[in-house]
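Please read the structure below before turning to the comments.
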Amino acid sequence: MAAITETRETIDRLAESGYQYGFETAIDMDFAPKGLNEDIVRLISAKKQEPEWLLEWRLKAYRAWLTMADPAWARIVHPRIDYQDLHYYAAPRAPAPKSLDEVDPALLEMYEKLGIPLNERASLAGVAVDAVFDSVSVATTFRDSLAKVGVIFCSISEAVREHPELVRKYLGSVVPAGDNYYAALNSAVFSDGSFVYIPQGVRCPMELSTYFRINARNTGQFERTLIIAEAGASVSYLEGCTAPMRDENQLHAAVVELVAHDEASIKYSTVQNWYPGDADGKGGIYNFVTKRGACRGAKSKISWTQVETGSAITWKYPSCILQGEGSSGSFYSVALTNHRQQADTGTKMIHLAPNTTSTIVSKGISAGHSNNTYRGLVRIMPKARHARNFTQCDSLLIGDQCGAHTVPYIECRNQSAKVEHEATTSKIADDQLFYCRSRGLSEEDSVGLLVNGFCREVLKELPMEFAVEAQKLLAVSLEGSVG
Amino acid sequence: MLEIKGLTATIEDKIILKGIDLVVPDGEIHAIMGPNGAGKSTLSYVLSGRDGYEVTGGSVLFDGQDLLAMEPEARAAAGVFLAFQYPVELPGVGNANFIRTAVNAVRKARGEPEMDTVAFLKEARAAIKRLSMPEDMLKRNVNVGFSGGEKKRNEILQMALLQPRLALLDETDSGLDIDALRIVADGVNAARGPNFSALVITHYQRLLDHIVPDRVHVLAGGRIVRSGGPELALELEAHGYAGLEAA
Ligand SMILES: Nc1ncnc2c1ncn2[C@@H]1O[C@H](COP(=O)(O)OP(=O)(O)OP(=O)(O)O)[C@@H](O)[C@H]1O
Ligand SMILES: [Mg+2]
């Protein structure tokens, strides 16, 4: 596996910087004043020239948010976030580019540096990219070829303008504006994100991908993603993210909504690599994200795959609401925490209809002084006859200063349902490590190999190119955790 | 050339090796026999650098280098290979990937170009054929669910692909059926040459019918208590180790 030796090289390269993506890009930005109030919400909506109904929707969310408190049940600790000390709008000052040729060269260069070429000829074969910079979409590639088969792939701001009927119909239909504290905040102030619409019977001819980049300082990041697959449609979507290294924490509160109609299938993969903070826990992103998919149609499928290696704190539970008869949801997750990182992540599988199935495979890896919690809910409602769930939760501990916790909630209200839960906790055994080293692998490469082996069932769910990336990322993230 | 002088080692403060003297010149194969618990595996672990064993005295030179000062992976790069008495399972790690990663790690450390997947698979398939192993052994996870004999053959497969200069074979014959024994022996004999030497730890003379050793040593109570030619193995087979430990 060349990936491992490449990883070795990557680690060597990283030895100084620690985090490869930690650079900052100088771009002329337009900021809203710090603080949050109704005027700021109006300002964001006005900047984006939104219709009245959307402004009203935002304001309603804002008012709901004011009455809410941030969730206290997760196993995470952080100082109180001062919501008045953040900017809620930051965008490159240049007018929105009409085509790739108009995109600010500094931005193109930055994405190039991140390995995400936006030039269509140079880009990864078969992957269309929406590049989101500080919550504003700066470029979307391959739009024309996608349009030929009727696929809409654009920024959500653009969708609001060009396809208002679709946005109005679906926005907030899976994650209501007042769903939870962070979702309400997002609904009030979201700035941009991706929009995907796959018409009936269409298999999206290429992978779609959004690449999120946080750049601005003291700025909350609130993206909104909406993906709709009509009957018989299918799409595979991947999200990647990085941020500069900063000493202060930065809030990222995104919302992702998926809607799958009859026999449609949506595969949503995330490789999350936000800046995790330094070895002492200084800085890093607070990643407080709500992701939910509705399997509305019969036999529809939604699959979440996530590889979470970044962020100082991850609070995230990609979920499936299984409304259509025979629909199925799956959640494949690798969450790796090192140093002082904290992750409280898992899923919710809500079985509403008969013969619905769900699969949960969670692999938690904790190293350093980190804390890693799997929190998962499987709820079988009375009408969900013969529903089935299989859950497997494995934890791997590296060192003895870290914590791993598994918190499964199972609520079963239909006797014909079958719910299975398996959990293991293990360590990398000395004999496994020695076996690898005796074959010539360095200690770090050996750990990387064993960790990748531990995560195999999840990694194989990722699209090929990204599986390789994810493997490297896992090894790099464990840097300094052994020896 | 491997030169062991006065090697003493402890594990958890228990003295296991009490002064081993042994020289294995290039191109030679030496057999080590001896009773259970004598310290044979301990010797192979100390030579390959396993943690937990404390060397309290003596020296080990390999091609003039101080082997004991090197990390296990550096020893592998220098050409030392240990076929484990109990090969270790690596869940989720594909066998082909594992061996290719190892081969390339060793090649890289030696300043040789890495092998691409196609070239590697070609060699691996050829080796698999020679060892009469089922081809799916490359696709399966390292040693996971392998039978005892398959695990031992997998060690020999790794040896064949890593092409070590010094192989330490710790009871690679134990648990093998007669055909497998011959296959494993053929694997070792194929590696024989002026740049290959081996320490073959075994309890059974029958392996030495197939791999004819240059020398046979008896390790008992942490010391080499007797050395001789191939006929020593026959003698041990007939009379056992009785009386040797005291010698
Ligand atoms: N981790 C350990 N802790 C304590 N004693 C140990 C440990 N490992 C090995 N020993 C002891 O060291 C001695 C030598 O063991 P070793 O495995 O080297 O024997 P061996 O000659 O290979 O035996 P066998 O023929 O049974 O494989 C034994 O008495 C064994 O119990
Ligand atoms: Mg032994």
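Nothing in this text is a laboratory measurement; each read-out follows from the coordinates by a stated rule. Being a predicted model, the structure only gives us computed values, none of them experimental. Counting neighbours? That spans all protein chains shown, and the Cβs are built from the backbone with ideal geometry, glycine included.
Counting Lys +1, Arg +1, Asp -1, Glu -1, what net charge surrounds A:Gly399 among other residues with beta carbon under 15 Å of its beta carbon? Spell out each step's value before the answer.
Numbers: positive: A:Arg340, A:Lys427; negative: A:Asp400, A:Asp430, A:Glu443, A:Glu444, A:Glu479.
So the surrounding residues net to -3.
As a test of the formula, what do you get for chain A when each DSSP H run with n ≥ 4 contributes -39,500 (n - 2.57) and the sum is divided by the residue count, at 222 nm and rounded to the nearest 500 deg cm²/dmol?
Details: 12 runs with 118 residues, N = 483.
Taking each H run of at least 4 residues, the total per residue is -7000 deg cm²/dmol.
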Spacing of the two label points (7 Å from each Cα toward its C-beta) at A:Glu38 and B:Lys139, in nm: 6.5 nm
Per residue of B:157-164, how many C-beta atoms from partner chains lie within 10 Å of its own C-beta, taken as a mean? 1
Residue order, fewest to most surrounding Cβ atoms within 10 angstrom, among A:Phe434, B:Phe98, A:Phe390, A:Phe331: A:Phe390, A:Phe434, B:Phe98, A:Phe331
Put in order of increasing Cβ neighbours within 10 Å, starting from the fewest, B:Thr56, B:Thr172 give B:Thr56, B:Thr172
Taking neighbour Cβ counts within 10 Å as the exposure measure, how do A:Ile398, A:Ile410 sort from fewest upward? A:Ile410, A:Ile398
With a bin width of 5 angstrom, please list the P(r) values of the stretch A:333-375 as percents of all Cα-Cα pairs, from the 0 bin to the one holding the largest distance. 6, 22, 23, 15, 12, 9, 6, 5, 2
Mean projected area, convex hull of alpha-carbon positions in the stretch A:231-272, reported to one decimal in nm², is 3.5 nm²
From Cα coordinates alone, what are the radius of gyration and Dmax values for chain A in angstrom? 21.4, 67
How tilted is helix B:117-130 with respect to the longest principal axis of chain B? Cα atoms for both, answer in degrees (0 to 90, nearest 10). 50 degrees
Answer in debye to the nearest 20: the dipole magnitude of the protein assembly as shown about its Cα centre, from +1 Lys/Arg and -1 Asp/Glu charges placed on Cβ, is 1920 debye
Cα centroid separation, the stretch B:99-113 to the stretch B:127-188 (Å): 20 Å
Would you mind pulling out the separation of the Cα centroids of the stretch A:443-457 and the stretch A:298-368, in Å? 21 Å
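Using the crude model of +1 on Lys and Arg Cβ and -1 on Asp and Glu Cβ, and no other charge, please compute the dipole size for the stretch B:2-239 relative to its Cα centre, in debye to 20.
Values: 26 positive and 32 negative charges, 69 e Å.
For this selection, approximately 340 debye.
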Can you list, bin by bin at 10 Å, the percent of alpha carbon pairs in the stretch B:104-247, starting at 0? 10, 35, 32, 17, 6, 0
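Could you check what % of the DSSP bridge pairs in chain B are antiparallel, to the nearest 5?
Beta bridges within chain B, antiparallel portion: roughly 60 percent.
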Given the options B:Gly57, B:Ile99, B:Val188, identify the residue whose Cα lies farthest towards the positive end of the charge dipole of the stretch B:2-239 (+1 on Cβ of Lys, Arg; -1 on Cβ of Asp, Glu). B:Ile99
Could you pull out the pairs from A:Lys460/B:Lys152; A:Lys169/A:Lys291; A:Lys301/A:Lys418; A:Lys363/A:Lys383; A:Lys301/A:Lys472; A:Lys301/B:Lys139 whose alpha carbons sit more than 22 Å apart here? A:Lys460/B:Lys152; A:Lys363/A:Lys383; A:Lys301/A:Lys472; A:Lys301/B:Lys139
If you find the alpha carbon centre of the stretch A:372-427 and of the stretch A:221-254, how far apart are they in angstrom? 25 Å
Straight-line reach only, C-alpha to C-alpha below 16 angstrom: list the lysines that A:Lys48 could link to, leaving out same-chain residues fewer than 8 apart. A:Lys98
Given the options A:Leu449, A:Phe195, A:Ala470, identify the residue whose Cα lies farthest towards the positive end of the charge dipole of chain A (+1 on Cβ of Lys, Arg; -1 on Cβ of Asp, Glu). A:Phe195
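Over the protein assembly as shown, what is the percentage of antiparallel beta bridges among all DSSP beta bridges, to the nearest 5? Kindly include the intermediate steps, with their values, before the conclusion.
On the way: 36 of 179 bridges.
Here the antiparallel bridges make up roughly 20 percent for the protein assembly as shown.
Can you check how the C-alpha radius of gyration of the stretch A:187-346 compares to 2.2 N^0.38 Å, as a plain ratio? If you can, show how the numbers build up before the last one.
Working: Rg = 16.2 Å, N = 160, 2.2 N^0.38 = 15.1 Å.
Working it through for the stretch A:187-346, the quotient is 1.07.
What number, rounded to the nearest 500 deg cm²/dmol, is the helix-based mean residue ellipticity at 222 nm of chain B, given -39500 (n - 2.57) per DSSP H run of at least four residues and division by all its residues?
On the way: 8 runs with 89 residues, N = 247.
Theoretical 222 nm ellipticity from helices: -11000 deg cm²/dmol.
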Ranking A:Ile228, A:Leu459, A:Thr270 by how far each Cα lies towards the positive end of the charge dipole of chain A (+1 on Lys and Arg Cβ, -1 on Asp and Glu Cβ), the top one is A:Ile228
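Quick one: pull the percentage of alpha-carbon pairs in the stretch B:32-76 with a separation above 18 Å.
Numbers: 293 of 990 pairs.
More than 18 Å apart: 30 percent of the Cα pairs in the stretch B:32-76.
Cα-based count: Lys pairs in the stretch B:1-118 below 29 Å, eight or more positions apart or different chains? Each step should come with its number before you reach the end.
Working: B:Lys5/B:Lys14; B:Lys5/B:Lys18; B:Lys5/B:Lys40; B:Lys14/B:Lys40; B:Lys18/B:Lys40.
Step by step, the pairs that qualify in the stretch B:1-118 add up to 5.
Rounded to the nearest 0.05, what FRET efficiency is calculated for B:Arg130 and A:Arg385 with R0 set to 45 Å and r the Cβ-Cβ distance?
Working: r = 57 Å, r/R0 = 1.26.
Efficiency at R0 = 45 Å is approximately 0.20.
State the volume of the convex hull built on the alpha-carbon positions of the stretch B:2-239, expressed per residue in Å³ and rounded to an integer. Let's see the in-between values first.
Numbers: hull volume 28.6 nm³, N = 238.
In the stretch B:2-239, the Cα convex hull volume per residue is 120 Å³.
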